[in-house]
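> Structure below; questions to follow.
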Amino acid sequence: MSQQSRITSEVDFGRDGKQQGFLRLPHSVHRSAYGWIPIPIIVIKHGTGPTVLLTAANHGDEYEGQIALMKLCRELQPKDVRGRLIILTATNYPAAIAGTRTSPIDGGNLNRSFPGEPDGRPTQAIAHYVESELLSRADFVIDLHSGGSSLMYLPSALVGRVSDPELAAQQLEMLKAFAAPIGYVGASGGADLTLLSGAERAGVPGIGTELGGAGSTSVHSLQVAERGVRRVLKYLGAVPDMDVGPEPAPSRIVHVGGNEYFVYSPDYGIWEPLAELGDEVQAGQPAAAVHSQQTPWREPVVANFLRSGTVLCKRVPGGVQRGDCLYHLATDEEP
Ligand code: ZN
């Protein structure tokens, strides 16, 4: 078994200038015997400075980052850059085209597939390429997410909790430079299987985002995305003369911890929310009532918040199954 990726790049990472093309992921199927999946890639290299990897559509139903990076790659020219930008606007391309969190080809969730597998299914092969070929070249990474189809967030940027204090400090500065309304510490899921966990393995400072969600975008969430990315690129010196607009208010820095920060549906049915995004809630406070469509005369099953905090994330669809995430909280103090 090869440890080398079978994905080939149409762009030369060492060449100066602006290049755009595709990563070619071999995909031999009934309708296309020698075909490949075209994952768009843009590389802009000029002068001396850091290599910044920017990724969107790690989950295909998250749109702010895709729009922000498409606009950025059209705007920026080599003369604007000091160092190198590597931009993936549609990292899990099959999922991005389908507008789904996971890949329609293999069901793979890219952000639960790291460090990946070169000879695995397409999603695993993409994860492996990103970790082995792109994170290995990067000095910094920005991985743009939002809540996707099932969740809605207060517009946030985030960093994982990492063991190396120097890495943690660098990430915190990037988080502050992004200046989303919320900046939270402690990624909300995925542990060592995410792109940012790959960044930590590579010793690369990285930040993520949860910009909005509900399978859509808004003027506000797009503005948070675009301005945040621009501010970080300027802060890192990668695009020193970037126009970043008005001075932002500093992020409210908060923390997301383990299971007690989350509320899950205790039953199947339709859920009635009992709290909204941004609410301050107390431990034991009712969070949601799940009503049974099959047995409407039965009292709803109520789920409570397990601790106090701010509601950072809320489920979107009305139908629920036992185990679906309904909310998660953030706290000003560390967990
Ligand atoms: Zn995501």
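The values are calculated or read from the model by the stated rules, or taken from the named source; none is laboratory data. What you see is a predicted model, and the numbers here were worked out from it, not measured in a lab. Cβ: placed from backbone, ideal geometry, glycine included. Neighbour counts: every protein chain shown. Just the protein is used for accessible areas: all its heavy atoms, side chains included, with ligands, DNA and RNA removed. Shrake-Rupley method; radii C 1.70, N 1.55, O 1.52, S 1.80 Å.
> Looking for whichever is farther than 16 Å from Leu236 by Cβ, open to solvent by 30 Å² or more (accessible area, probe 1.4 Å) and either away from the ligand (no atom under 16 Å from the Cβ) or touching a helix residue (DSSP H, G or I) at 6+ places or on another chain (Cβ under 7 Å) (or both) here; the options are Ala127, Ala168. Which one fits?
Ala168
> Applying the selection to region 297-306, what residues are open to solvent by less than 40 Å² (accessible area, probe 1.4 Å) and in a strand (DSSP E or B)?
Scanning region 297-306 gives a single hit, Ala303.
> Quick one: in region 135-149, which of the residues that are part of a loop (DSSP other than H, G, I, E, B) and away from the ligand (no atom under 16 Å from the Cβ) is surrounded by the most Cβ atoms within 10 Å (Cβ to Cβ)? Walk me through how you get there before you give the answer.
Within region 135-149, the subset part of a loop (DSSP other than H, G, I, E, B) is 135-139, 145-149.
Within this subset, residues satisfying the condition of being away from the ligand (no atom under 16 Å from the Cβ) are 135-139.
Values: Leu135: 25, Ser136: 11, Arg137: 16, Ala138: 21, Asp139: 17.
Applying the filter and picking the extreme gives Leu135.
Per-residue answers, yes or no, for (1) crowded, with 16+ Cβ neighbours inside 10 Å; (2) of a type outside the set (Phe, Trp, Tyr); (3) not in a strand (DSSP E or B):
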position	(1), (2), (3)
Asp243	no, yes, yes
Glu247	no, yes, yes
Asp267	yes, yes, yes
Leu277	no, yes, yes
Ala287	yes, yes, no
Thr295	no, yes, yes
Lys314	yes, yes, no
Ala330	yes, yes, no
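Residues checked against (1) in a loop (DSSP other than H, G, I, E, B); (2) in contact with a Gly (Cβ under 8 Å, 6 or more places away or on another chain):
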position: Ile97; (1), (2): no, yes
position: Thr100; (1), (2): yes, yes
position: Pro115; (1), (2): yes, yes
position: Ala127; (1), (2): no, yes
position: Val130; (1), (2): no, yes
position: Glu133; (1), (2): no, no
position: Met152; (1), (2): no, yes
position: Leu175; (1), (2): no, yes
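> Pull up region 35-50, narrow it to residues that are within 11 Å of Val81 (Cα to Cα) and open to solvent by 10 Å² or more (accessible area, probe 1.4 Å), then point me to the one that is nearest to the ligand (Cβ to nearest atom). It would help to see each step written out before you state the result.
So the first thing to find is which residues in region 35-50 are within 11 Å of Val81 (Cα to Cα), and the list is 43-50.
Filter again for open to solvent by 10 Å² or more (accessible area, probe 1.4 Å), leaving 45-50.
On the way: Lys45: 28, His46: 31, Gly47: 33, Thr48: 33, Gly49: 28, Pro50: 25 Å.
Result: Pro50.
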